[in-house]
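A.B. asks: Sharing a structure below in structure tokens format, with a few things to ask.
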Amino acid sequence: MQVGAGRGHTLILQLQRGGLDELLSNRGRAPGKIELHTKTKGRAVGSRNSTVLNAVEAVFEPLARLLIEHGVSSPEAENLLRAVCVHQAAKIESAGRKKPNVSRIALVTGVDRGEVARILNARPAAGSTLDTHRHRANRVLAGWHSDRAFISNGVPLVLPIKSAERKHPSFWALARRYAPGVYPGLILSELCRVGAAERLADGCVRVRMRHYKAQTFSDKSLNEMGSRARDLLQTMLRNATEASWPRVCRVVETISIDSRFLPLIRKMLADRSYALLAGVQEELRSSRWKRTNPASPRVRIGLTVFSHEESPGEGELHELTEIGHSPHTRPSKSRRHAKPRNAT
């Protein structure tokens, strides 16, 4: 269960099932869909690409904040996105039992053929990014932990901020070596701000972290964030392209709440969500759903509930003015009793 707190209020129920490959391999348009009306900025209204880019931009906004707060540079993120697009295009081709065609993948992704071939030989991962694209603060921290000029017996030195002798190790020398073109004082201030470095009373600086990060997130919370966001997007994309058995993705909201009542409303949403999920969990654990045939494929299925809030002005670029629910979001009576595809 995920109950988030921010500032507006929406309760979203999401039922996810199956994989993104099945979704992307069927490109037919569904007769019904959830429609988001957004304000465009600098793009031609009515263009299909414009609509897609507006939707992607809305998704990128919180991702950009996550990247910035964890010291991931834009080139690092771009390299990862390029690799993910190439691998996804290859998966779509493989779904038709075809061997991925490098030239076709290059055509549909806009990535050079040589780069496509290189990417397909490796998993998409941030670790494959060239060191020159790393966040400058992370380059400084990496040098502080690995450069023999700034360590002693494998331990990073406590450095004076500046040194009169050019060959003597100092933070200024470290920053100029690993982040040339950036004022060392700016890097020092940023590292101290996020707790990656500490100014000492004697005027020296001590390193405290190996990696730049402005917020404290556990690996578990970061993994869950990615998993939940992926599930929601897969659900919405599948509903938009295939309506034979839509997944649950419904929204209830209001825009006229007095902020004084937010604590009570948050508690109400949390209590009702917990009660709902507790009942669903008991149903899903029932023995009647268990596989009796070992040859039958397993399917992951679940329900996610979360709330979101936003104050006027925060989402001005992508202001949500209306959410239309397709009549197909809920199966018809005749379809409710039909056995869904890939059911176990």
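A.B. asks: Got at least one residue in region 40-49 being modelled with pLDDT under 80, farther than 23 Å from Glu242 by Cβ, open to solvent by less than 90 Å² (accessible area, probe 1.4 Å) and in a helix (DSSP H, G or I)?
C.D. replies: No: region 40-49 contains no residue that is modelled with pLDDT under 80, farther than 23 Å from Glu242 by Cβ, open to solvent by less than 90 Å² (accessible area, probe 1.4 Å) and in a helix (DSSP H, G or I).
A.B. asks: Oh, and also: When Ser227 is evaluated against the numbered criteria (1) open to solvent by 80 Å² or more (accessible area, probe 1.4 Å); (2) outside any loop (DSSP other than H, G, I, E, B); (3) farther than 26 Å from Ser311 by Cβ, which criterion, by number, is the only one it fails?
C.D. replies: (1)
A.B. asks: Continuing with this model, one more query. Residues being closer than 29 Å to Ala142 by Cβ and of a type in the set (S, T, N, Q): count how many of those fall in region 72-125.
C.D. replies: 4
The values are calculated or read from the model by the stated rules, or taken from the named source; none is laboratory data. Since this is a predicted model, take the numbers as computed values, not measurements. With ideal geometry, Cβ positions are generated from the backbone for all residues, glycine too; neighbour counts draw on all protein chains shown. Ligands, DNA and RNA are stripped out before the accessible areas are found, and what is left, the full protein with its side chains, is counted by its heavy atoms. Shrake-Rupley method; radii C 1.70, N 1.55, O 1.52, S 1.80 Å.
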